[in-house]
Amino acid sequence: MFNDIGPLELVTLIVLAVLVFGPDKLPKLIQDATRTIRKIREFSESAKQDIRQELGPEFKDFEFEDLNPKTFIRKQMDNDELGLKEIRNGFDLKKEMAEVTDAVHGRDAESSSSSSVSGTSGSAGGAIDMTKKPENPRDERPPYDADAT
């Protein structure tokens, strides 16, 4: 609940509470606040139990946290009935990107894997290698066209 409050902020809140409420009223105020929070939690739990009873025995494993869309989707994605884990584990993004790059450059898969392992700097088949910068970069700017802007 208070995961984002640092120690300095906590000390500041305590000092501020002591200054505002005074040292003699502060313990009673803390007791009242904890009692109120406890009653709210009990009310919430009893409401959840009433809803579960009204839904019937087929919903006895129903969790209210599943109503959160993120939790619901995460739970469904972790469920292995659809075989999603096999698909996720079988997908190699680096391999797929290398195949796409080879297809763009017009190289076949065997030559690209051997050239990437050997570290050749030339491009295969006269194709331009888009992953490397040109050896002689030109510092010329294109001509300025006032009508185009």
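The values are calculated or read from the model by the stated rules, or taken from the named source; none is laboratory data. Being a predicted model, the structure only gives us computed values, none of them experimental. All accessible areas refer to the heavy atoms of the entire protein, side chains included, with ligands and DNA or RNA removed. Shrake-Rupley method; radii C 1.70, N 1.55, O 1.52, S 1.80 Å.
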Largest first and in whole Å, what are the equivalent-ellipsoid semi-axes of the range 1-71 based on the Cα gyration tensor, each being the root of 5 times an eigenvalue? 38, 18, 6
What number comes out for accessible area per residue over the range 1-55 if the probe is 1.4 Å? Units Å², please. 92 Å²
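Would you mind classifying the range 36-76 by shape? Square roots of the alpha carbon gyration tensor eigenvalues, ordered a ≥ b ≥ c; an a/c under 1.5 is rounded, otherwise it is prolate if a/b is larger than b/c and oblate if not.
Details: a/c = 4.01, a/b = 1.33, b/c = 3.01.
Because a/c hits 1.5 or more and a/b fails to exceed b/c, the range 36-76 counts as oblate.
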So what are the ³J(HN,Hα) numbers for the range 71-76, from phi and the Karplus equation (6.51, -1.76, 1.60; θ = phi - 60°), rounded to whole Hz, Gly and Pro as x? 5, 4, 5, 4, 5, 5
